[in-house]
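Working notes, structure below.
The numbers here are math on the coordinates, done by the rules we state, and not lab data. All figures in this text were calculated on a predicted structure; none of them were measured in a lab. Cβ sites come from the backbone with ideal geometry, for glycine too, and all protein chains shown count toward neighbours.
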Amino acid sequence: MPRSLTCSSWIRADAEDAAEDSDAAERLGVSRSRIRQLLSAHRLYGVRLRNQAWLIPDSQFTDDQLTPSFEAVNRALPRDCHPLAIDRFLHSAQPELELDGSFVSPLDWLRRGRTPEPVIALARAV
């Protein structure tokens, strides 16, 4: 992701790969109220827009559920962290996360069923 990318352009670019609370609720088979509870508890990641709607990136989901251990990683992320920094962290290969001789992103690490502890440690430092 280019350094010159602003939050508003990230939101426009990522909107195709994101859900609103009603879409996320349908995907997880829960109510919109439950989605808002998950967002408030930092168990689900979302960016609150100026119109008070939520942008919920699809990348945290695998089919009809959250990526395994994503909740713990999300809770470890600093609350004041910029959405672009979080997006870069989740999607960028990390030297601390090596599988089969290749560095992988935190999301790939979790999707492959690996232990979340190294990702949680990295998330705290974002």
Förster radius 25 Å - calculated FRET efficiency between S40 and Q65 (Cβ-Cβ, nearest 0.05): 0.80
Segment 8-124, relative contact order [Cα under 8 Å, separation at least 6], %: 22
Stretchable slack from T115 to E96, in nm (0.36 nm times residue separation minus alpha-carbon distance): 5.6 nm
Pairwise label distance in nanometres, R79 with D58, each label 7 Å out on the Cα-Cβ vector: 3.1
Area projected by the alpha carbon convex hull of segment 8-124, averaged over all directions, nm²: 7.2
In Hz, Karplus ³J(HN,Hα) per residue of segment 75-84 (6.51, -1.76, 1.60; θ = phi - 60°; x = Gly, Pro): 5, 7, 5, x, 5, 8, 6, 5, x, 5
